[in-house]
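So the structure is just underneath, and the comments pick up after that.
The values are calculated or read from the model by the stated rules, or taken from the named source; none is laboratory data. From a predicted model like this one, the values you see are computed outputs, not experimental measurements. Quick reminder, even Gly has a Cβ in these numbers, built from the backbone with ideal geometry, and neighbours come from all protein chains shown. When the accessible area is computed, the model is the full protein with side chains, heavy atoms only, and any ligands, DNA or RNA have been set aside. Shrake-Rupley method; radii C 1.70, N 1.55, O 1.52, S 1.80 Å.
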Amino acid sequence: MERNIYLPYRMKVAKITEEAPAVRTFRLEFLDPAEAENFSFKTGQFAEYSVFGEGESTFCIASPHTRKGYVECTFRQVGRVTTALSNLEEGDTVGFRGPYGNTFPIDEWKGKNLVFIAGGIALPPMRSVIWTCLDNRKDYKDISIFYGAKTVNDLVYKHELKEWEERPDVNLYQTVDPGGETPEWKGEVGFVPTIVEKIAPSAENTIAVVCGPPIMIKNTFPVLQKLGFKDENIYTTLENRMKCGFGKCGRCNVGKTYVCKDGPVFTAAQLAELPNEY
Amino acid sequence: MSKIKKLSKESFPLLIKKISETQHVYGPVSQGKRISYQRISSADELASDFIIPDMSAKSFVFPKIEKLFSYTKNKDGVEVQDINLDNIPHRVVVGIRPCDAAGMESLKAIFSWDPSDPIFETRLKRTTFIGLACNQADDYCFCTSLGGSPGDTKGSDILLTKTDTGDYIAEILTSKGEKIVTLAPDLFQDVEGDLQKEKFLANVPKRFDNSDLQNKINAAFNTDVFDEYAMRCMGCSACAFVCPICACFDIQDETKGSKGQRVRLWDSCGAKLFTLHTSGHNPRETQGARWRQRLMHKFSYMPERLEVRGCVGCGRCSRRCPVDMNIAESLNQLIIDN
């Protein structure tokens, strides 16, 4: 009999990393080795994570598909499920259902420059694709990462930012909102779109990936367009409330487009065709 | 495979009795002012002289609350117990209205959209629908405006049409229907000639022309028509719950002590919380946007993605609406304006 599509895999919380105030990363490992063996995903996909007794929440898979044996998710403690997740300790059991949705077309990007632009808690979906590309570094030309948060303290993956900063084959531009800097801060100060405009990455043979709060996306697209990026070469991920993850519960659609099945990865050209219901 | 037989008024109760020897039989039962599908053991319990049960028959295949699996928490972690689809009962629903039966096809399209939902599929496979054609209708009925009819066979395994003598014309439509006949073959009589079932059907006038409905509703997307019509909508969700096709759902955990279950529950796009993000952002911010979603989903998105409409014209949503919103009226207005 086919597997119950609502039945989660049981995963062990193998490692908890405190990223920023109320933001944590969980590394999850399958309790059943056979399930681990059969599981695969591609960068860009998302999943339903659950605490039994509290319910399910939707997050992207924040780890790259090039690294097997575990998945990672990063979440901010806000609601019922994320609070329950936050109260867990290493060794505890969670539910995991997925992967769902489409993927970043990283094979099509081979031989191109990549510009990643993320704001705040939206680095997690991008971290997956960044590491996937870095794990296949020779396939891509220049890789630039723009990342901004409200304050220095709110930057997530601080240790990985340091790693990217030190790599000669990655250009990392970090920024914090005005007022969010500390005396020791050596990065930029200003909103993400402003910094992108200032650094002005070349649009020639380049793919841009933008993830962030709606206001950041809205203000970054025009900057990229001004720099000469075509809408087909600008990617983003949409997030809408979901329950099932596979096109039945009726929540996440934007017009006739289902974020769970047709997305979450869209190009700016595709977004332009959608009604403003996201 | 449609075969036409006659089932006399004396044979009908015998058929119910025969079926209930091996399977659970359900049918419309009168409970004061309410007509609802209930378990029955004899044909005497069936309501007569009514337009349509208050609730649709969708709960036979998509219950209000459906257990998805259960779990037990202990000091070592969590054990998960899957559901056993073998426990889903074989059932026969007698007297389902043609609109409700036709709605099953749309529900099937939703739940079989990849990945197919085994719980729904199993429930549908194990339910036999013996439809009863409508010999009366009211002002809310508009099945004929959407391609249906009071004698539509779609979704039924057997369709019965009551004639003026009280006997039934029985159309045997599917292999599940055949199985019912084989339980009591002697009760079904062969017929000769055309029994003219149309003579005994209700007259449901067309309320609008559906020929270009999808384009017209698409054209209305950016107009004020939805906002204006939904001014009085309270977002109570009654329309979604009585609808034979509305299948939007929520998933929640119910725990008692160390044991619990994850359940799927009926939900509604008319509710504000339905799409509310944790951040406070709501993609469908106004009741107008939510009413638009309801209509667009049924008459544009479903036809486009699943090749079925999300409405069969049963009229329940309009009958039950506490502020008298009328879906046929709203559609008619859209069609005229666009």
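Before moving on, here are some points about what is shown:
- For trypsin sites (Lys or Arg not before Pro), the sites in region B:66-129 that DSSP calls loop and that have at most 14 other Cβ atoms within 10 Å are B:75.
- Between region A:132-193 and region B:13-70, the Cα center-to-center distance that results, in Å: 63 Å
- Cleavage-rule hits (GluC sites (Glu not before Pro)) in region B:242-338: DSSP loop, at most 14 neighbouring Cβ within 10 angstrom: B:285, B:307
- Magnitude of the charge dipole, the protein assembly as shown, Cβ model with Lys/Arg +1 and Asp/Glu -1, debye to 20: 820 debye
- Derived scalar couplings ³J(HN,Hα) [region A:6-18; Karplus, 6.51 cos²θ - 1.76 cosθ + 1.60; whole Hz; x for Gly, Pro]: 9, 7, x, 6, 8, 10, 9, 6, 8, 7, 10, 10, 7
- Per-pair calculated FRET efficiency, R0 = 56 Å: residue B:285 and residue A:66 via Cβ, rounded to 0.05: 0.90
- Within chain A, A:60, A:73, A:133, A:211, A:252, A:260 have no other Cys Cβ under 4.7 Å of their Cβ and so lack a disulfide-compatible partner by this rule.
- Karplus 3J(HN,Hα) series, Hz, for region A:64-77 with 6.51 cos²θ - 1.76 cosθ + 1.60 (x for Gly, Pro): x, 6, 6, 10, 8, x, 7, 10, 10, 9, 10, 9, 9, 6
- Note on region A:113-237: dipole from Cβ charges, positive end direction compared against A:237, A:128, A:156; the farthest Cα belongs to A:237.
- Shielding score for A:235-246, defined as the mean number of other chain Cβ atoms within 10 Å: 4
- Share of Cα-Cα pairs in region A:113-237 lying beyond 24 Å, as whole percent: 20 percent
- Taking all protein chains together, A:164, B:291, B:113 sort by accessible area into B:113, B:291, A:164, largest first [probe 1.4 Å].
- Judged by a Cβ-Cβ distance under 4.7 Å, the unpaired cysteines of chain B are B:134, B:141, B:143, B:233, B:236, B:248, B:269, B:311, B:321.
- Considering only B:31, B:234, A:87, and ranking their Cα positions along the charge dipole of the protein assembly as shown that arises from unit charges at the beta-carbon of Lys, Arg, Asp and Glu, the one farthest toward the positive end is B:31.
- Evaluating 6.51 cos²θ - 1.76 cosθ + 1.60 at θ = phi - 60° for every residue in region B:300-310, the Karplus couplings come out as 10, 5, 5, x, 6, 8, 10, 6, 9, 7, x Hz, glycine and proline recorded as x.
- For region A:113-237, a crude dipole built from +1 on the beta carbon of Lys and Arg and -1 on the beta carbon of Asp and Glu, taken about the Cα centre, is about 160 debye to the nearest 20.
- Rounded if a/c under 1.5, otherwise prolate or oblate - chain B, Cα gyration tensor axes: oblate
- Heavy atoms of residue B:14: accessible area, 1.4 Å probe, square angstrom to 10: 90 Å²
- Region B:81-164: proportion of alpha-carbon pairs further apart than 19 angstrom, %: 47 percent
- Kirkwood hydrodynamic radius over Cα pairs of the protein assembly as shown, then Stokes diffusion coefficient at 10 °C and 1.306 mPa s, in µm²/s: 59 µm²/s
- The residues neighbouring residue B:8, those whose beta-carbon lies less than 12 Å from its own, together hold a net charge of +1 under the Lys/Arg +1, Asp/Glu -1 convention.
- Largest accessible area first, the listed residues B:191, A:176 line up as B:191, A:176 when surface is computed with a 1.4 Å probe on the assembled protein chains.
- Debye log10 I(q)/I(0) at q = 0.10, 0.24 Å⁻¹ for region A:9-100, Cα point scatterers: -0.22, -1.35
- Dipole orientation for region A:9-100: of the candidates A:74, A:55, A:31, A:74 has the Cα lying most toward the positive pole (charges on Cβ; Lys, Arg +1; Asp, Glu -1).
- DSSP beta bridges confined to the protein assembly as shown are antiparallel in about 70 percent of cases.
- Value of D in µm² per second that Stokes-Einstein yields for chain A, Kirkwood Rh from Cα pairs, at 37 °C (0.692 mPa s): 170 µm²/s
- Region B:170-185 and region A:222-278 have their alpha-carbon centroids 48 Å apart.
- Rounded to the nearest 5, the antiparallel percentage of DSSP beta bridges internal to region B:1-154 is 60%.
- Loop-located trypsin sites (Lys or Arg not before Pro) in region A:1-98 (DSSP state other than H, G, I, E, B) with a sparse environment of at most 15 neighbouring Cβ atoms within 10 Å: A:3, A:67, A:68.
- Most mobile of B:129, B:62, B:111 in a GNM of chain B (Cα contacts under 10 Å): B:111
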